[in-house]
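The values are calculated or read from the model by the stated rules, or taken from the named source; none is laboratory data. A quick note: this is a predicted structure, and the numbers were derived from the prediction, not measured. Every residue, glycine among them, receives a Cβ derived from its backbone with ideal geometry; neighbour counts consider all protein chains shown. Side chains included, ligands, DNA and RNA excluded: accessible areas come from the protein's heavy atoms. Shrake-Rupley method; radii C 1.70, N 1.55, O 1.52, S 1.80 Å.
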Amino acid sequence: MANRNFEVNIDPSWIKKYLRKIILGLILLYAAFSAIYTVGPEEEGVVVQMGKYNRTVQPGLNFILPFGIEKIYKIPVQRQLKQEFGFRTSSAGTRSDYVKDGYRDESTMLTGDLNLTDVEWVVQYRISDSYKYLFKVRNADKTLHDMAEAAMRQIVGDRTVNEVITVGRQEIASSVETLLQQYCDEYENGIRIDQVVLQDVNPPDPVKPSFNAVNEAQQERETLINKAEADYNRIIPRARGEAQETIELAEAFALNRVNRAKGEADRFNSLFKEYIKAPEVTKQRIYLETMEKILPKLGNKVIVDEQGNNVLPLLNLDTKKGGTEK
């Protein structure tokens with residue numbers, strides 16, 4: 001196949017004639033592209049003119065002066081941002097992957113009872129003031145990272161290791177969130193803290209076996225305490241009920257005896273009054289009433305005259321019982 005050479009012959013006079021227009025066109029084209037910027041719906045544009053803050057523009061199509069006279073910074077004011085401590089997300093998705101190597105210095109902390117713990121947490125925040133975010137603090141994100149680490153170390157340093165790992169996690173996260181927001185307000189970095197989340201809190205790997213043994217012992221202690229309290233709640237109320245029942249029975253018995261004693265005393269007093277009025281009659285009546293109660297219980301009886309010598313006929317008063325009583 002034969003090679004073909006294509007030659008473009010341009011008239012130098014034509015280039016010389018239209019050179020200014022070509023350069024002007026290129027300049028205008030560059031100016032047009034560099035002057036038009038689109039600010040996203042979650043963003044806010046901060047325009048800097050000659051290195052000095054000029055204005056803040058809203059989402060949409062915006063124009064700035066070209067050739068570096070003005071520069072625009074797009075700040076995601078409506079987007080929730082986050083910083084991770086003690087780990088980093090290597091790939092996010094349905095099953096996220098995390099990397100911890102190289103970030104243990106962030107998460108290793110000393111608790112108030114002089115124990116080491118490994119705390120991994122996330123700070124979720126938003127940029128509330130784009131002007132303060134850009135101009136009040138140099139490198140606001142790095143400053144926020146340092147402040148968050150300082151706040152977490154301060155709060156963890158006031159707690160015991162058991163509080164940090166178990167029951168005090170939510171209270172620690174709330175305290176760090178409040179303290180970190182105070183730091184942001186003091187520094188005027190234009191950041192609002194949405195949430196502080198403790199991802200994972202564990203003892204350092206070298207002391208994990210010992211710590212797990214302590215936890216198991218504490219759990220066993222709690223189990224025994226709960227069992228003892230259950231036995232206490234089962235036995236003590238029953239014993240109290242039995243004691244109360246015994247007390248009430250004793251009180252009822254005492255009341256019965258007292259009432260009976262009072263009744264017998266009243267009966268004796270009434271009999272004594274009648275006895276005073278007619279001693280012989282009362283004495284005879286009491287004798288007869290007493291004999292009426294006693295004689296039916298004696299069975300066969302032999303009645304004799306204590307002054308007589310003759311034997312009276314034997315009276316068979318109780319024919320149902322055999323034998324003779326003397």
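Its Cα gyration tensor gives the stretch 164-217 an equivalent ellipsoid; the semi-axes, largest first and in whole Å, are 33, 11, 8.
Note on Glu280 and Arg257: with the Förster distance fixed at 30 Å, the Cβ-Cβ geometry gives a FRET efficiency of about 0.30. Sites listed here are GluC sites (Glu not before Pro) in the stretch 21-108 whose DSSP assignment is loop and whose Cβ has at most 15 other Cβ atoms within 10 Å: Glu42. Split the accessible area of the stretch 131-211 by element, probe 1.4 Å, and carbon with sulfur accounts for 46%.
Applying the criteria of a DSSP loop state and at most 12 other Cβ atoms within 10 Å to the chymotrypsin sites (Phe, Trp or Tyr not before Pro) of the stretch 31-123 yields Phe67. The modelled label-to-label distance between Ile225 and Arg267, using points 7 Å beyond Cα along the C-beta direction, is 6.3 nm. Listed cross-link partners Lys273/Lys293; Lys262/Lys293; Lys21/Lys74 are compared with a 27 Å cut-off, the Cα-Cα value being larger for Lys21/Lys74.
How high is the FRET efficiency from Tyr30 to Gln170, r the C-beta distance, R0 51 Å, rounded to 0.05? Please report the intermediate quantities before stating the final value.
Numbers: r = 56 Å, r/R0 = 1.10.
Efficiency, rounded to the nearest 0.05: 0.35.
Pairwise Cα separations in the stretch 233-274 fall into 5 Å bins from 0 onward with the following percentages, short to long: 6, 21, 12, 14, 10, 10, 7, 6, 6, 4, 3, 1, 0.
Spacing of the modelled spin labels on Asp146 and Asn202, each 7 Å from Cα toward Cβ, amounts to 3.1 nm.
Rounded to the nearest 0.05, what FRET efficiency do Gln83 and Glu248 have when you use their Cβ-Cβ distance and R0 = 56 Å? Please report the intermediate quantities before stating the final value.
On the way: r = 70 Å, r/R0 = 1.25.
Efficiency for this residue pair is about 0.20.
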